[in-house]
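First the structure, in the form of C-alpha cells, and then the observations on it.
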Amino acid sequence: MKRTDVADPQTEQTRFRLLYDLGCAFAALIELDELFPFIVNKCCDVFDAQGASVMLLDEKSDELYFPYVSEGDPDLTNRLASLKVPADKGIAGAVLRSGNGVRVDDVHADERFFPLIDQATGFTTKSLICCPLRTHQGVIGVIQVVNHKDGHAFSDEDLAFLEALSGATAVAIENARLFARAKESEERLRVQVGALRRNIARREGFGGIIGSTDAMREVFDLMESAAAAPITVLIEGETGTGKELVARGIHQAGSRADAPFLAVNCAAVTETLLESELFGHKRGSFTGATQDHRGLFEAAEGGTVFLDEVGEMPGSMQAKLLRVLQEGEVIPVGESKPRKVDVRIISATNRNLESEVEDGNFREDLYYRLAVFPIHVPPLRERRDDIPLLCEHLVAKYRESSGCTGITEEARHTLTAHHWPGNIRQLENELERAAVLAGRGNPVEARHLSNKIRGGTSRGQSPPQPSAPPALAPDEEPPPLREARAEFEANYIREMLKRNDRNVSKTARALGLSRVMLQKKMKEYGLREE
C-alpha cells in the first residue's frame with residue numbers, strides 16, 4: 001500500500017485497519033527467513049520510503065546488527081550483513097537506550113547521527129523515523145524507515161503509526177525466535193533419540209532379530225547405518241529370511257519411528273488393486289470405488305512404506321513408483337493432480353533385480369533409485385551357528401501356548417543339520433508344530449520333528465539339483481545366456497515340482513518363491529500341463 005493510500009486522507013479508521021491486517025500477517029509468519037523480508041518490504045510500501053531496516057541487539061557484544069539485508073548488489077549485501085554498530089552510537093542506539101521513537105528530518109544536522117552505515121553502503125540517509133522493538137523481555141532492537149520517496153520529511157502521524165506497528169513487529173520477531181529455538185531443540189532431540197534407538201537396537205538385536213554370526217553382525221551394522229540416514233534401502237534375500245523384520249528394525253531405530261510403518265506385498269495383490277492400495281483412488285474411478293480412498297503413501301505420511309517383493313511389481317506401476325522417489329508425489333487413480341507425500345521407502349526382493357533389469361523385466365532407473373543402500377540378508381543355511389539361538393528363542397515364544405519346557409540337544413542338532421530351503425519361516429513353523437506335539441511339561445525332542453527334518457538333508461549337503469546341460473560340441477554355437485538361464489530354471493522348477501508331487505505351495509516354499517511368482521514361471525515355461 002502506498003503512502004497516498006494511507007496518509008493522504010490518513011483517516012484513523014484506515015490506519016487501524018492497516019495495522020490490524022499487518023498484525024495478522026505478522027502472526028502468521030513464524031519463520032524468521034520469511035518474516036524479516038515481509039517487514040522490510042511492507043514498511044517501504046506503507047510509508048512510501050526508499051528503505052527500511054530492522055536492527056537487532058546482540059547482548060553479548062552490545063552491538064546492533066542487520067538480521068536481514070534485501071537482495072541486490074552481492075558486495076553491498078555482504079558488507080551490510082557483516083556490519084555491526086555499537087549499541088551506544090547513532091540515532092538507532094539512542095532509540096534503543098531511551099526506549100522512545102524519534103523523527104529526524106535532517107540526519108546530518110543531528111549530532112547523534114552515526115555515518116558508518118552510509119559509508120559502508122554508499123546510501124545517503126536524509127530523514128528517518130525510528131522506533132524501539134519492545135517485548136516483555138525488554139527492547140530487542142529497533143525498526144527504522146528512511147527517506148520518503150517524494151523528498152519530504154516524515155510526519156508525526158508516520159512516527160505514531162510506526163510506533164504502533166513496532167509493537168506487532170516485536171511480538172512477531174519474538175515468536176519467530178521462539179519457534180526457531182523450538183525447531184533447533186526438536187532437531188537436537190530427534191538426533192539424540194535416533195542415536196539412543198540405534199544403541200538400544202544394537203544391544204537388543206534390532207527388535208527381536210536373532211543372530212550372532214559374522215554374517216548377521218554385518219547386517220546389524222548396515223541396519224544401524226541405514227537407520228541414521230534418510231536413505232532408500234533395498235533388502236535382498238530369499239523368502240523367509242526375515243526381510244520385513246529388518247525393514248521394521250531400520251524404521252524403529254530411525255527418526256521416523258513415531259510415524260506409521262505400512263507394508264504391502266507386491267506379489268500378493270493384482271495390478272489394479274496394488275495401484276489403488278499404494279496411491280489411493282477417487283470415488284467412481286472404477287467399479288466398486290464407492291468413496292475416496294487414501295493410498296499407503298499418503299497414509300504413511302512422515303513414516304515408512306515397505307514394499308515387499310518389489311521385483312514382482314508390474315511395469316506400469318514401476319513408472320508410478322519412480323515418480324514417488326524422484327518427485328515425492330503420488331497421483332490417485334481417477335485424478336490428474338499430484339499430491340505431495342513425505343515417506344521413506346524400504347523395499348525387499350527375493351529376486352536378482354540386476355538380472356531382471358538385464359532381461360528387461362525391471363526398470364533400470366527404478367532399480368538404481370531403490371538400491372541406493374542394499375542389505376543382503378543371508379539364508380539360514382549360511383548362518384547355521386545361529387540356529388541354536390533361534391531354537392531357544394522360538395521355543396520360548398511357544399512355551400506359554402503349548403506348555404513345553406524347552407528343547408533337547410538332539411533336537412537342536414537335527415534342526416541345525418537341515419538345509420532349510422524355507423529359511424527362518426520354515427524353522428518357526430517346524431518348532432511351533434513340535435512344541436504342540438511335545439505338550440505341557442515336556443521338552444521338544446527330535447521325535448517331535450517332522451519326517452522331512454529328521455530324514456532330510458544333512459549338514460553340508462545341498463538340495464537336489466537338476467542335471468547339467470549337455471556339453472556343447474566344439475563347433476556348436478552356444479545359446480545366449482538368457483536362454484541358457486531360462487532352460488536351467490525351467491528344469492530346476494520341473495524337478496522340484498516332481499519331488500513335491502506337483503504341490504505348488506510346497507514347491508514355492510522349497511524354492512524360496514511366492515506362490516504367485518511360481519505360478520507365473522510355470523505358465524512362462526509351459527509347466528502347468530506336464
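The values are calculated or read from the model by the stated rules, or taken from the named source; none is laboratory data. Computed from a prediction, not measured in an experiment: that's the story for all the values here. Backbone-built Cβ (ideal geometry, glycine too); neighbour counts: all protein chains shown.
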I'd like to verify a number: residues in segment 18-36 that are free of Cβ contacts under 8 Å to residues at least 24 places away in the same chain and among the small types (Gly, Ala, Ser), how many? 2
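Would you check which residues across segment 270-293 are in contact with a helix residue (DSSP H, G or I) (Cβ under 7 Å, 6 or more places away or on another chain) and surrounded by 18 or more Cβ atoms within 10 Å (Cβ to Cβ) and list them? Break it down into steps so the answer makes sense when it comes.
Step one: of segment 270-293, the residues in contact with a helix residue (DSSP H, G or I) (Cβ under 7 Å, 6 or more places away or on another chain) are 271, 274-275, 277-280, 293.
Leu274, Glu275, Glu277, Leu278, Phe279, Gly280, His293, listed by residue number.
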Quick one: which of Glu354, Glu335 is in a helix (DSSP H, G or I) and outside the structural domain of Arg485 (by TED's automatic domain parsing)? Glu354
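For the subset of segment 274-328 comprising residues that are assigned to a loop (DSSP other than H, G, I, E, B) and of a type in the set (A, V, I, L, M), which member is nearest to Glu354 (Cα to Cα)?
In the first step, residues of segment 274-328 are kept if they are assigned to a loop (DSSP other than H, G, I, E, B); the result is 282-292, 295, 300-303, 309, 313-314, 328.
Remaining after also requiring of a type in the set (A, V, I, L, M): 289, 300, 313.
On the way: Ala289: 37, Ala300: 29, Met313: 15 Å.
Looking at residues that are assigned to a loop (DSSP other than H, G, I, E, B) and of a type in the set (A, V, I, L, M), I get Met313.
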So, in segment 22-50, exactly how many residues are assigned to a helix (DSSP H, G or I) and either touching a strand residue (DSSP E or B) at 6+ places or on another chain (Cβ under 7 Å) or outside the structural domain of Val145 (by TED's automatic domain parsing) (or both)? 6
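Could you tell me whether Pro470 is at pLDDT below 85, of a type outside the set (S, T, N, Q), farther than 21 Å from Asn352 by Cβ and loosely packed, with under 12 Cβ neighbours inside 10 Å? Show your work before the answer.
Details: at pLDDT below 85: yes; of a type outside the set (S, T, N, Q): yes; farther than 21 Å from Asn352 by Cβ: yes; loosely packed, with under 12 Cβ neighbours inside 10 Å: yes.
So Pro470 fits the description; yes.
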Qualifying position, being in contact with a strand residue (DSSP E or B) (Cβ under 7 Å, 6 or more places away or on another chain) and at negative phi, among His148, His136: His148
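Mind checking which strands (runs of 3 or more DSSP E) fall wholly inside segment 61-167 and carry at least 2 residues that are of a type in the set (Ser, Thr, Tyr), within 22 Å of Ala180 (Cβ to Cβ) and assigned by TED's automatic domain parsing to the domain that holds Asn41?
Details: elements: 63-65, 84-86, 102-104, 128-135, 138-148.
Counting at least 2 such residues, we get no strands (runs of 3 or more DSSP E) at all.
To keep it simple, each residue is scored yes or no on (1) surrounded by fewer than 19 Cβ atoms within 10 Å (Cβ to Cβ); (2) among the hydroxyl-bearing types (Ser, Thr, Tyr); (3) modelled with pLDDT under 90; (4) in the same structural domain as Val269 (by TED's automatic domain parsing).
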residue	(1), (2), (3), (4)
Val324	no, no, no, yes
Val343	no, no, no, yes
Asn350	no, no, no, yes
Ala371	yes, no, no, yes
Ile387	no, no, no, no
Val395	no, no, no, no
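Ala87: touching a His at 6+ places or on another chain (Cβ under 7 Å) and at pLDDT 80 or above, yes or no? Show your work before the answer.
On the way: touching a His at 6+ places or on another chain (Cβ under 7 Å): no; at pLDDT 80 or above: yes.
For Ala87, the condition - touching a His at 6+ places or on another chain (Cβ under 7 Å) and at pLDDT 80 or above - is not met.
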Restricting segment 513-529 to residues that are out of contact with any helix residue (DSSP H, G or I) (no Cβ under 7 Å at 6 or more places or on another chain) and part of a loop (DSSP other than H, G, I, E, B), the one surrounded by the most Cβ atoms within 10 Å (Cβ to Cβ) turns out to be Leu513
Only unsatisfied item for Leu189, checking (1) within 15 Å of Gly51 (Cα to Cα); (2) not assigned by TED's automatic domain parsing to the domain that holds Asp45, is (1)
Which numbered condition Tyr367 misses (of (1) assigned to a loop (DSSP other than H, G, I, E, B); (2) farther than 22 Å from Ser212 by Cβ; (3) within 30 Å of the chain's Cα centre (by Cα)): (1)
Condition (residue is within 21 Å of Gln426 (Cβ to Cβ) and in a strand (DSSP E or B)) applied to segment 215-227: is it met by at least one residue? no
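From Gly101, Gly141, which residue is modelled with pLDDT of 90 or more and on the phi > 0 side of the Ramachandran plot?
Details: Gly101 fails: on the phi > 0 side of the Ramachandran plot.
Result of the check over Gly101, Gly141: Gly141.
Being surrounded by fewer than 21 Cβ atoms within 10 Å (Cβ to Cβ), of a type in the set (D, E, K, R) and either under 22 Å from Gly138 (Cβ atoms) or within 31 Å of the chain's Cα centre (by Cα) (or both): is that true of Lys42 here? Even if it seems obvious, please write down each step before you answer.
Details: surrounded by fewer than 21 Cβ atoms within 10 Å (Cβ to Cβ): yes; of a type in the set (D, E, K, R): yes; either under 22 Å from Gly138 (Cβ atoms) or within 31 Å of the chain's Cα centre (by Cα) (or both): no.
It is false that Lys42 is surrounded by fewer than 21 Cβ atoms within 10 Å (Cβ to Cβ), of a type in the set (D, E, K, R) and either under 22 Å from Gly138 (Cβ atoms) or within 31 Å of the chain's Cα centre (by Cα) (or both).
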Within segment 47-72, take every residue that is among the acidic types (Asp, Glu) and at pLDDT 85 or above and give me the one that is nearest to Leu83 (Cα to Cα). Glu63
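Kindly evaluate Thr124 against the criterion of being hydroxyl-bearing (Ser, Thr, Tyr), more than 17 Å from Val40 (Cα to Cα) and in contact (Cβ under 8 Å) with a residue 24 or more places away in the chain. Before the answer, list the steps.
Working: hydroxyl-bearing (Ser, Thr, Tyr): yes; more than 17 Å from Val40 (Cα to Cα): yes; in contact (Cβ under 8 Å) with a residue 24 or more places away in the chain: no.
No, not satisfied.
For (1) touching a strand residue (DSSP E or B) at 6+ places or on another chain (Cβ under 8 Å); (2) touching a residue at least 60 places away in the same chain (Cβ under 8 Å), each residue gets a yes or a no:
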| site | (1), (2) |
| --- | --- |
| Arg217 | no, no |
| Ile231 | yes, yes |
| Gly237 | yes, yes |
| Thr241 | no, yes |
| Gly254 | yes, yes |
| Pro260 | yes, no |
Taking segment 262-273, which residues are free of Cβ contacts under 8 Å to residues at least 12 places away in the same chain and part of a loop (DSSP other than H, G, I, E, B)? Val269, Thr270
